[in-house]
Amino acid sequence: MNGISRRDVIAGAAAGGAALLGAGPAQASEALSTLAARAGLLFGGAIDNVARLDPGMTRLFAQQAGILVTENALKFDYLRPDAERFEFGGADAIAAFAKANGQQLRGHTLIWNDNAPDWLKRRPGREVERIFDAHIDRVVERYAGRLHSWDVVNEPFWPMHGKPGGYRDGPWLSAMGPSYIARAFRRVAAIDKTARLTLNEAFCETNHEWGQGIRPRLRDLVAKLQDDGAPLHAVGFQAHLLPHWPYDDSAFAAYAESFAARGLDIYITELDVNDEAYPANVAERDRRVAKRYGDFLRAVLAIAAVRIVMTWQLSDRASWLRDIYRRAGKPAEKLPRPLPFDDALKPKAAVEAIAAAFAARRVTP
Ligand code: XIL
């Protein structure tokens, strides 16, 4: 991993100035996507149901994001309320929005054992296989050539389910065993020749036993997929950061870099900072959240293979953590503030921290 020092910057300049990207003081007034581009990165956020967005939210996404990802619209249960129908309206609207704003788009997520509707769970294994293949063909065909990347499989592991190999339980695993993973990648590659095919995983950033359980399994799975010639281009790390659990950013960065060494791109796909254990005082909370963003990004951006940083939504107002904590009965003033922009869509300290991490990044082109 590259350390960053003034001497390196000067050496880069002496070498003609073209050797390094990034570098330079952070200017938070510039869009995060602009600062990211200068550091050889795409920055953006997850977006849900464009039809419901107010003009302020729409403007924020248009201004700040160079890439969008469908938060829910391409998940199986959203697309398939019943066995016959495909509801493409939500995802189509996001695709049109991205196109109108000159933004790239990631598809999230084609196959995930978590998002199974009841009608699917009731089907016998042979039929689940048939539905799996037909679903991939239809959905991938529709967006082929239009996506930057596909999260082909999300969260292959969930050791907490107690299944052999630590695999996440659900209809695809029950019907096909772990072979559903390579099968999905092969099937997508046969249809979409341009999307970067991504395996997206949770908890690898934490040293909590969940992260420790998943990391070696993901490493072995990727090695096996590559050995078997499966078309895999990138590993996505969700990075829903949990500062109240043990973590070690440099150990995570070393782990992530081991995939880069195997020729894979690294995407930070769902970044946010859970502020549950931070002080109630809002300014202090925002400061801690910003520091966590900065520390994490400085560690991972030292890896040249990191090409994307996306937060899960852009504004606290739309964070998935809001829903979870609201349902758990948290009072309004204690609701999470995990994202770079606040409820009024104003930049928080996290924007400066992210901007600074982008500006400090130097990668050899
Ligand atoms: C979340 C969405 O943000 C919520 O709106 C939805 O209710 C549940 O799913 N990891 C993932 C995402 O890969 O798909 C999840 O998104 C958040 C955790």
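The values are calculated or read from the model by the stated rules, or taken from the named source; none is laboratory data. Since the model is a prediction, treat every value here as computed from it, not as a measurement. Glycine gets a Cβ as well: all are built from the backbone with ideal geometry, and neighbour counts include every protein chain shown. For the accessible areas, the whole protein counts, side chains as well, though only heavy atoms, and no ligand, DNA or RNA atoms are used. Shrake-Rupley method; radii C 1.70, N 1.55, O 1.52, S 1.80 Å.
List of remarks:
- For beta carbons closer than 7 Å, sequence separation of 6+ or different chains, a first residue in region 337-353 that is within 15 Å of Arg292 (Cα to Cα) and a second that is surrounded by fewer than 19 Cβ atoms within 10 Å (Cβ to Cβ) and at pLDDT below 95, the qualifying pairs are Val351/Ala28; Glu352/Ala26; Glu352/Ala28.
- Qualifying position, being closer than 16 Å to Gly45 by Cα and within 13 Å of the ligand (Cβ to nearest atom), among Leu339, Leu297: Leu339
- Any hit, region 51-70, residues being in a helix (DSSP H, G or I), in contact (Cβ under 8 Å) with a residue 24 or more places away in the chain and under 18 Å from the mean Cα position of the chain (by Cα): yes
- Members of region 343-355 that are within 10 Å of Leu32 (Cα to Cα), among the hydrophobic types (A, V, I, L, M, F, W, C) and in contact with a Gly (Cβ under 9 Å, 6 or more places away or on another chain): Ile354
- Any hit, region 128-150, residues being within 27 Å of Phe203 (Cα to Cα), more than 16 Å from the ligand (Cβ to nearest atom) and surrounded by fewer than 16 Cβ atoms within 10 Å (Cβ to Cβ): no
- Condition check for Glu270: at pLDDT 95 or above, within 14 Å of the ligand (Cβ to nearest atom) and either open to solvent by 10 Å² or more (accessible area, probe 1.4 Å) or not aliphatic (A, V, I, L, M) (or both): yes
- Criterion (within 17 Å of His240 (Cβ to Cβ) and of a type outside the set (Ser, Thr, Tyr)) met by exactly one of Asp323, Asp286: Asp323
- The set of residues from region 178-200 being of a type outside the set (Ser, Thr, Tyr), open to solvent by 40 Å² or more (accessible area, probe 1.4 Å) and part of a helix (DSSP H, G or I) comprises Arg183, Arg186, Arg187, Ala190, Ile191.
- Of all residues in region 186-242, exactly one satisfies the criterion of being among the basic types (Lys, Arg), farther than 16 Å from Ile111 by Cα and touching a residue at least 60 places away in the same chain (Cβ under 8 Å), namely Arg217.
- Just one residue in the set Arg361, Arg322 is more than 26 Å from Gln212 (Cβ to Cβ) and within 19 Å of the chain's Cα centre (by Cα); that residue is Arg322.
- Test: residue in region 290-306 that is in a strand (DSSP E or B), within 18 Å of Ile268 (Cα to Cα) and touching a residue at least 40 places away in the same chain (Cβ under 8 Å): yes
- Breaking point among (1) on the phi < 0 side of the Ramachandran plot; (2) within 15 Å of the chain's Cα centre (by Cα); (3) within 16 Å of the ligand (Cβ to nearest atom), for Glu276: (2)
- The residue of region 90-114 that is nearest to the chain's Cα centre (by Cα), among those that are surrounded by fewer than 19 Cβ atoms within 10 Å (Cβ to Cβ) and either within 16 Å of the ligand (Cβ to nearest atom) or in a helix (DSSP H, G or I) (or both), is Asp114.
- Residue that is farthest from the ligand (Cβ to nearest atom), among those in region 151-166 that are open to solvent by less than 60 Å² (accessible area, probe 1.4 Å) and more than 19 Å from Asn72 (Cα to Cα): Gly165
- Leu147 fulfils the conditions (1) over 20 Å from the mean Cα position of the chain (by Cα); (2) part of a loop (DSSP other than H, G, I, E, B); (3) aliphatic (A, V, I, L, M) except for a single criterion, (1).
- Which listed residue is more than 16 Å from the ligand (Cβ to nearest atom), buried (at least 20 other Cβ atoms within 10 Å of the Cβ) and closer than 27 Å to Leu321 by Cα, from Phe237, Phe252, Phe203: Phe252
- A Cβ distance below 6 Å, combined with a sequence gap of six or more or placement on separate chains, defines the contacts here; from region 105-119, residues that are farther than 8 Å from Lys75 by Cα and touching a residue at least 40 places away in the same chain (Cβ under 8 Å) reach residues that are within 13 Å of the ligand (Cβ to nearest atom) and part of a loop (DSSP other than H, G, I, E, B) in the pairs Gly107/Leu74; Asn113/Arg168.
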